[in-house]
1. List the number of the failed condition for residue 71; all other conditions in (1) open to solvent by 50 Å² or more (accessible area, probe 1.4 Å); (2) small (Gly, Ala, Ser); (3) in a helix (DSSP H, G or I); (4) farther than 24 Å from residue 137 by Cα hold.
2. Which of the residues that make up the range 8-32 are within 13 Å of residue 115 (Cα to Cα), open to solvent by less than 80 Å² (accessible area, probe 1.4 Å) and either of a type outside the set (Asp, Glu) or part of a strand (DSSP E or B) (or both)?
3. Can you tell me which residues in the range 211-247 are aromatic (Phe, Trp, Tyr), assigned to a loop (DSSP other than H, G, I, E, B) and free of Cβ contacts under 8 Å to residues at least 24 places away in the same chain?
4. Give the range 272-289 a look and list any residue that's part of a helix (DSSP H, G or I), crowded, with 16+ Cβ neighbours inside 10 Å and free of Cβ contacts under 8 Å to residues at least 60 places away in the same chain, or say none.
5. Which pairs do you get when a residue that is free of Cβ contacts under 8 Å to residues at least 12 places away in the same chain, found in the range 22-44, comes within reach of a residue that is in a helix (DSSP H, G or I) and surrounded by 12 or more Cβ atoms within 10 Å (Cβ to Cβ), reach meaning Cβ atoms under 6 angstrom, with the pair 6+ apart or on two chains?
6. Just the residues that are surrounded by fewer than 18 Cβ atoms within 10 Å (Cβ to Cβ), outside any loop (DSSP other than H, G, I, E, B) and of a type in the set (A, V, I, L, M, F, W, C), please, taken from the range 173-205.
7. Here are the criteria: (1) touching a residue at least 24 places away in the same chain (Cβ under 8 Å); (2) open to solvent by 70 Å² or more (accessible area, probe 1.4 Å); (3) not acidic (Asp, Glu). Tell me which single one residue 208 does not satisfy.
8. Take the residues of the range 326-362 that are charged (D, E, K, R) and outside any helix (DSSP H, G or I): which is surrounded by the most Cβ atoms within 10 Å (Cβ to Cβ)?
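The values are calculated or read from the model by the stated rules, or taken from the named source; none is laboratory data. What you are looking at is a predicted structure, and each value in this text was computed from that prediction instead of being measured. Neighbour counts are summed over all protein chains in view; Cβ atoms, including those assigned to glycine, are modelled from backbone coordinates with ideal geometry. Each accessible area value is taken on the protein alone, full model and side chains, heavy atoms only, with ligands, DNA and RNA left out. Shrake-Rupley method; radii C 1.70, N 1.55, O 1.52, S 1.80 Å.
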Amino acid sequence: MLVLFETPAGFALFKVLDEGKLSKVEDLWKEFSNSDTARKVVKLKAFDKFDNTADALEATTKIIDGSTTKSLRKFLKTHCEGEKLAVADSKLGNAIKEKLKIDCVHNNGVMELMRGVRSQLEELIGGLGSQDLAPMSLGLSHSLSRYKLKFSPDKVDTMVVHAIGVLDDLDKELNRLAMSLREIYGWHFPELAKIVNDNVVYAKAVKLMGFRENAAKLDFSEILPEEVEEEVKEAAKISMGSEMDEYDMANIMELCNRALSLAEYRPQLYDYLKSRMNAVAPNLTALVGELVGARLIAHAGSLMNLAKQAGSTVQILGAEKALFRALKTKHATPKYGLIYHASLVGQAAPKLKGKISRSLAAKAALAIRCDALGDGGQDNSVGLENRLKLEARLRSLKGEELGRSAGSVKGKPKIETYNPSTDAVLEQTPKSVGEETVEMKTKIDEEAPATEEKKALSLDEKKKKKKSKDVEATEVTNGDADGNKKEKKKAAEAGQTDAVEDGVKKKSKRKRPSELEEEATETESHTSKRKKKNQVKE
């Protein structure tokens with residue numbers, strides 16, 4: 001078995017002379033107590049020396065990342081054919097096995113063997129003294145420290161924090177200068193502020209025009225559209241502004257130059273911030289964008305501090321005042337902070353912004369941890385995948401919202417479909433109606449011959465009926481009075497006089513068509529019975 005050992009001067013391969021001693025890990029250190037016993041355990045087989053400090057730095061950084069350089073692969077191919085290789089790092093062993101098909105070993109015995117080799121390194125490698133090894137070790141450590149400091153994400157995110165701060169200050173300064181320019185130049189040409197709304201275009205127009213009298217002679221085609229240019233020239237002819245001297249106009253020109261220089265610097269700063277965010281936090285940038293991601297990092301202080309926050313904290317980051325005020329007054333806590341300005345939250349409806357911000361904050365917390373704690377050289381695949389999931393969730397939530405608005409809501413009646421069977425109420429009577437429906441059928445059958453007799457009456461009988469109208473009226477009134485008295489007596493006995501009055505009132509209300517038909521059949525039956533009585537009397 002061979003042992004791969006890294007030194008500041010190069011890579012060394014040692015041959016293990018007695019592999020049985022590796023099984024006794026506790027006593028292995030005794031074999032390296034002096035150089036004579038150490039030579040009985042391992043023997044130097046080959047040594048690959050670095051040409052310069054750059055090669056040493058490249059090889060060391062590759063080994064730290066768990067990969068191999070081209071020179072190391074060539075060295076191992078030459079000397080490790082058909083041998084097992086003991087390595088100090090399992091990642092490096094996996095890379096060697098994958099690339100070179102060499103079986104690698106990493107266990108406690110190998111680590112103890114590495115420790116013994118390190119203690120007797122100068123004696124085991126001939127021609128490498130302490131006077132040579134110490135400067136190499138110091139130079140390599142300095143180079144490695146500079147490299148890690150240069151590309152450490154903990155240090156790079158400070159540039160992101162400063163860049164977003166400068167960008168916000170730049171926007172505030174631009175707005176302040178633009179408002180001052182509009183106010184100062186408005187004394188000379190007040191109509192221009194209403195015609196040109198953009199601050200940068202306004203500053204360019206003022207710088208080109210100077211005094212308003214020059215507007216008719218100038219060409220604004222590179223700055224303004226044609227119709228706006230005509231409007232500016234017409235307004236300059238009839239302007240109500242005051243006159244201005246050369247000294248005041250020079251001050252205005254200097255103000256225009258300052259505003260335009262800041263406006264030209266802003267795109268450059270934004271491009272720098274965009275490139276830094278894609279390098280430092282690519283997954284967070286894919287989810288929430290460069291500006292929102294940079295503001296979250298700046299608010300937390302660093303990317304590592306932001307990675308330590310929970311998703312619920314990321315959601316309300318930037319709304320601390322509203323949160324503590326809500327907790328103090330026992331009102332509803334805020335649903336979002338800086339994350340409100342993300343494009344996914346902006347696409348959602350007002351009712352869905354809280355749900356989407358909560359989901360986005362949870363996914364953003366995972367993306368931040370992946371950026372801060374993941375391996376170097378990663379891409380934004382995690383952020384893009386989570387963004388697709390959030391877009392699908394947003395579409396599903398919008399579909400549910402549309403479904404609810406199209407259907408019934410609380411307090412509104414449901415829209416029922418048309419049922420044609422309800423039209424035939426008299427023809428199709430249900431079987432489980434009760435005894436009342438059976439009585440109604442019998443009454444209709446009894447009244448059928450009475451209606452036929454009614455149609456067969458002659459004119460003489462009608463005349464006789466007229467004579468007996470007075471008698472019928474008296475009988476009806478007496479019968480109704482007797483009926484009302486009986487009902488009142490029954491109600492008085494049962495103590496339900498109020499119920500009777502309520503029933504009388506309810507009769508005056510609007511009734512269903514089926515109730516009206518029942519009352520009509522009852523009245524027809526009463527009239528037929530009275531006519532039978534009159535016929536018997538006659």
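1. Of (1) open to solvent by 50 Å² or more (accessible area, probe 1.4 Å); (2) small (Gly, Ala, Ser); (3) in a helix (DSSP H, G or I); (4) farther than 24 Å from residue 137 by Cα, only one is false for residue 71: (4).
2. Answer for the range 8-32, where residues must be within 13 Å of residue 115 (Cα to Cα), open to solvent by less than 80 Å² (accessible area, probe 1.4 Å) and either of a type outside the set (Asp, Glu) or part of a strand (DSSP E or B) (or both): 22, 25, 28, 32.
3. At the first step, the residues of the range 211-247 found to be aromatic (Phe, Trp, Tyr) are 211, 220, 247.
Restricting the remaining residues to those that are assigned to a loop (DSSP other than H, G, I, E, B) gives 211, 220.
Listed by number, the list holds a single entry, 220.
4. 274
5. 37/31
6. 179, 184, 193, 195, 200, 201
7. (1)
8. So the first thing to find is which residues in the range 326-362 are charged (D, E, K, R), and the list is 328, 330, 335, 351, 353, 355, 358.
When the remaining residues are screened for being outside any helix (DSSP H, G or I), the result is 330, 335.
Values: 330: 6, 335: 19.
Filtering the range 326-362 for residues that are charged (D, E, K, R) and outside any helix (DSSP H, G or I), the one surrounded by the most Cβ atoms within 10 Å (Cβ to Cβ) comes out as 335.
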